[in-house]
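We did not get these values from a lab; they are worked out from the coordinates using the rules stated. On a predicted model such as this, the values are computed, not experimentally measured, just so you know. Every residue, glycine among them, receives a Cβ derived from its backbone with ideal geometry; neighbour counts consider all protein chains shown.
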Amino acid sequence: MVSYIYIEKQTMIDRLQESFGIPGVISFERDSNNFVKAILQSSSGHRVELSLYGAQVLSWLDHNSNELLFVSAKANFKRGKPIRGGIPLVFPQFGKGELPSHGFARTNMWEVREAGETSDDLASIKLALQDTPGTMDIWPHPFRLELTVSLGDKLKTHLKVYNCGITPFFFFSGFHTYFRVADIAYCQIQGLQGVTYQDALKGEKACFVEQAEALLIDRQIDRRFFNAADQVVILDQISKRKFIVRKSNIKDLIVWNPWEDGSREFFDLGPNEFSSFVCVEPIFVNQKVTLEPRAGYECWQEIEVARI
Ligand code: TA6
C-alpha cells in the first residue's frame with residue numbers, strides 16, 4: 001500500500017514534468033507538506049515557488065537568493081486551511097462573511113494548464129480553478145479562474161475570472177501579498193497621500209484621508225485605501241531595498257500588519273514575526289465586481305525590487 005501511494009505521487013510529478021517541465025525554467029516537486037509546487041526560474045536568476053494548493057506563490061528569491069516574500073514559520077499546511085504568507089488569492093469574498101475568510105480560491109487545489117518561456121524571456125505558468133460540488137454548495141455559481149505567474153526580474157500575477165453560468169455574479173478579488181522586510185519599524189510606504197481610507201481597526205464606516213507622504217508603521221494597522229494609485233513603493237531601509245508594487249484593474253489597496261498585540265489572534269503567526277512583513281494588498285474591497293454570464297474580468301499585480 002505504502003509503495004502504491006508512493007508510485008501514485010511520483011506519477012503525478014512525472015506527468016507534470018513531462019507535460020509542462022522545461023529544464024532550468026519550469027519544474028515540479030512535492031513539498032514537505034505533500035503539496036505539489038511548481039518552481040519557476042528566470043534567466044535573470046530569480047526563482048519562484050508556486051503551490052498548486054491555492055495557486056499561492058510561497059517563495060520568491062532574487063538573483064542573490066534573498067527571500068522577498070514572507071511565510072510564517074507557523075504556517076498551517078493543511079488541506080482546507082489557508083497558508084499564512086506569500087501571495088494568497090482573495091476570491092470571491094474579502095475578509096470574514098458567509099464564506100471562509102477571503103473566500104475559497106486559496107484553499108482549493110488548482111490545475112496546471114500551460115507553462116513555458118515567453119518571447120521576452122519570462123518563465124511563465126498558468127493555473128486554473130473551476131467550480132466544484134464543494135464550491136457550488138457554498139457559492140452557487142459556475143466559474144473559472146486562471147492565474148498566470150510570470151517571472152523575469154519582476155514578479156507578475158495575472159488573474160482572470162470567468163462567469164460560466166447563466167446569471168450574473170458578484171465578487172471581491174485580489175492579491176493579499178506578504179512582503180518580507182528586515183524590520184517593519186524602519187519601513188515606509190509611499191504613494192498613498194491624499195487617498196481616502198477606512199480603518200478596519202476603528203470600525204468600517206468612518207472615512208479618513210491619508211496625510212502622510214510616507215506611511216510609517218509603528219503599531220497595528222488595517223487600512224483599506226479606496227481608489228488608490230496604481231503604484232506604491234515600500235521602502236525597506238535596513239535591507240536597503242524597495243518594492244515597487246503596481247496594480248491594474250483593481251481599485252483598492254490594503255495595508256495590514258497585526259503588530260505584537262494583534263498577532264496573538266493568529267495561531268499561525270509567531271509572536272515576533274510581525275516585524276518581518278508588511279501586507280500591501282491590491283484587492284477590491286469597497287465595491288464588488290459584477291460579472292455577467294459568459295463575461296470575463298482580469299486584473300494583475302506586478303512587483304519590482306530595486307536597491308535604495
Ligand atoms: O487584508 C487584511 C485582513 O483582512 C485583516 O483584517 C486580517 O484579518 C488579515 O487580512 C488576515 O486574514 P486571514 O483570513 O488570512 O487570517
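A viscosity of 1.002 mPa s and a temperature of 20 °C, combined with the Kirkwood radius over Cα pairs in Stokes-Einstein, give a translational diffusion coefficient for the range 183-282 of 153 µm²/s. Here the contact order of the range 128-246, divided by its residue count and restricted to Cα pairs under 8 Å and six or more residues apart, works out to 19 percent. With the simple spin-label model, which puts each label point 7 Å out from Cα in the Cβ direction, the R294 to E29 separation comes to 4.5 nm. A protection proxy built from the mean count of other Cβ atoms within 10 Å ranks the segments 88-96, 20-28, most packed first, as 88-96, 20-28. Close amide H partners of F104, meaning residues 5 or more places away or on another chain with modelled amide H under 5 Å apart, are F91, Q93. For the chain, the relative contact order comes to 16 percent (Cα pairs under 8 Å, sequence separation of at least 6). If you take the Cα centroid of the range 169-204 and the Cα centroid of the range 54-113, the two points sit 17 Å apart. Around the amide H of E114, modelled in the peptide plane, lie the amide H atoms of K126, all under 5 Å away and 5 or more residues distant in sequence or on another chain.
Charged neighbours of S276, selected by a Cβ distance under 15 Å, balance to -2 (K, R count +1; D, E count -1). For the pair A182 and K202, the difference between a 0.36 nm per residue extended length and the Cα-Cα distance amounts to 4.4 nm. A simple spin-label model places pseudo-atoms 7 Å from Cα toward Cβ; at Q190 and I238 they are separated by 2.1 nm.
A simple spin-label model places pseudo-atoms 7 Å from Cα toward Cβ; at E117 and E260 they are separated by 5.0 nm. If R0 is taken as 22 Å, the Cβ-Cβ distance between Q130 and I166 corresponds to a FRET efficiency of 0.90. Build a GNM of the chain with springs between Cα atoms under 10 Å apart, and of E265, E292, E29 the one that fluctuates most is E265. Scanning residues 5 or more positions from R241 or on other chains, those with amide H under 5 Å from its amide H are D236, I308, with H placed 1.01 Å from N in the peptide plane.
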